[in-house]
Amino acid sequence: MPRHPVGPSPAELAGRRQSEPLPPLAQAGDVAAFVSGAGAAPVSRREEIRARIQRVQADAAIAQGLIAEFRAAEKTDHSRALVILSLLGELRNPVGTAFLIDYVWKPLPTGGEIIAELGVSAEHEDMERLQVKAANAIAYARTEEASRTALELAGRHPSRAVRAEAASSYLWNQGGSDEARRLLSQYLRRDEQALLDRPVRDVGMSGEEFNRLLGLYLKRNPQLRPPAPQRTRKASGSERPS
């Protein structure tokens, strides 16, 4: 049989993504290509992407272009939709922030085929993850309206995952100040006050250090520790593979 040529190694692909120039972002027509480039770029280029976004912060047409791209990707390309929400957060444009606030409060889907492990449908799970990302992006805007929305999300959103992300992102973007913690505590539900101490992994933090902080957090709040996995027992010996 003829041999197919061997493709580039993962290290070679990573090197290409590190060195390839990002697509331009100067007008609304550039948005689709820039989203694709940002989504493929390694984490090490985060600051480069952020700088590109900040240069067009005042351009409402860029924000509208990102919103249009999100609507096209929301149901068909979950990873791309997450990237777009991150870019809208980085943009900090009032048009984009207003869209994020509207989206995060949309009702989560009900019904559909329930996934046993999750207790909800795949559609519910997908939209919930997008709303978690939107909550993070809203807090990053750091305007008075965005900060107030983050507090309201932390206390009133029906999804615990969104509430937790809103609380964590609000504290992070307020510098973890005593005043921010005091204000957040007034919004959090009584049984979710532990979110005030939830550890956040910084970009420069090692996995070992984050795991240590997480272990201390769970030790102080054992009610948050997930249950141990249960081994599934086979119904009968006849089900064993021959």
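The values are calculated or read from the model by the stated rules, or taken from the named source; none is laboratory data. Computed from a predicted structure; not experimentally measured. Note that each Cβ is placed from the backbone with ideal geometry, even for glycine, and that neighbours are counted across all protein chains shown. Surface accessibility is based on the protein's heavy atoms, side chains included, excluding ligands, DNA and RNA. Shrake-Rupley method; radii C 1.70, N 1.55, O 1.52, S 1.80 Å.
Being of a type in the set (Phe, Trp, Tyr), touching a residue at least 12 places away in the same chain (Cβ under 8 Å) and closer than 23 Å to residue 48 by Cα: is that true of residue 103 here? Write out each step before concluding.
Numbers: of a type in the set (Phe, Trp, Tyr): yes; touching a residue at least 12 places away in the same chain (Cβ under 8 Å): yes; closer than 23 Å to residue 48 by Cα: no.
No: the conditions fail for residue 103.
When you go through 108, 85 one by one, which is the residue that is at pLDDT 95 or above and assigned to a helix (DSSP H, G or I)? First the steps, then the outcome.
Values: 108 fails: assigned to a helix (DSSP H, G or I).
Among 108, 85, only 85 is at pLDDT 95 or above and assigned to a helix (DSSP H, G or I).
Hey, can you tell me all the residues within the stretch 214-242 that are surrounded by fewer than 12 Cβ atoms within 10 Å (Cβ to Cβ), at pLDDT below 75 and either in contact with a Ser or Thr (Cβ under 7 Å, 6 or more places away or on another chain) or within 21 Å of residue 193 (Cα to Cα) (or both)?
The answer is 223, 225, 226, 227.
Looking at this structure, is residue 118 under 16 Å from the mean Cα position of the chain (by Cα) and either over 17 Å from residue 35 (Cβ atoms) or hydrophobic (A, V, I, L, M, F, W, C) (or both)?
No.
Among the residues of the stretch 88-105, how many are outside any helix (DSSP H, G or I) and over 18 Å from residue 164 (Cα atoms)? Step through it out loud before you land on a result.
Our first condition is that a residue be outside any helix (DSSP H, G or I); within the stretch 88-105, this holds for 92-93, 105.
Still in the list and also over 18 Å from residue 164 (Cα atoms): 92-93.
Adding up the residues that qualify gives 2.
Those residues that are open to solvent by less than 10 Å² (accessible area, probe 1.4 Å) and not β-branched (Val, Ile, Thr), I need them from the stretch 88-105; list them, please.
So the first thing to find is which residues in the stretch 88-105 are open to solvent by less than 10 Å² (accessible area, probe 1.4 Å), and the list is 88-89, 91, 93, 96, 100, 103-104.
Selection gives 88, 89, 91, 93, 96, 100, 103.
Might you check whether a residue that is acidic (Asp, Glu) and modelled with pLDDT under 95 occurs anywhere in the stretch 14-23?
Taking the stretch 14-23 and keeping what is acidic (Asp, Glu), we get 20.
From what is left, the residues that are modelled with pLDDT under 95 are 20.
Within the stretch 14-23, one or more residues are acidic (Asp, Glu) and modelled with pLDDT under 95.
From the list 189, 201, 148, which one is modelled with pLDDT under 80 and not hydrophobic (A, V, I, L, M, F, W, C)?
Numbers: 189 fails: modelled with pLDDT under 80; 148 fails: modelled with pLDDT under 80.
Of the residues listed, the single one that is modelled with pLDDT under 80 and not hydrophobic (A, V, I, L, M, F, W, C) is 201.
Considering only residues that are more than 13 Å from residue 187 (Cβ to Cβ), open to solvent by 40 Å² or more (accessible area, probe 1.4 Å) and without any contact (Cβ under 8 Å) to a residue 12 or more places away in the chain, which ones fall in the stretch 119-163?
119, 122, 144
Please go through the stretch 31-61 and give me each residue that is open to solvent by less than 50 Å² (accessible area, probe 1.4 Å) and free of Cβ contacts under 8 Å to residues at least 12 places away in the same chain, ordered by number.
Matches in the stretch 31-61: 51 only.
Inspect the stretch 195-213 for any residue being buried (at least 16 other Cβ atoms within 10 Å of the Cβ), within 23 Å of residue 102 (Cα to Cα) and not aliphatic (A, V, I, L, M) and give the result as yes or no.
no
Looking at residue 71 and the list (1) part of a helix (DSSP H, G or I); (2) open to solvent by 30 Å² or more (accessible area, probe 1.4 Å); (3) farther than 22 Å from residue 37 by Cβ, which single condition is not satisfied?
Only one criterion is unmet by residue 71, namely (3).
Taking the stretch 164-189, which residues are surrounded by 18 or more Cβ atoms within 10 Å (Cβ to Cβ) and small (Gly, Ala, Ser)?
The answer is 164, 166, 167, 168, 169, 180.
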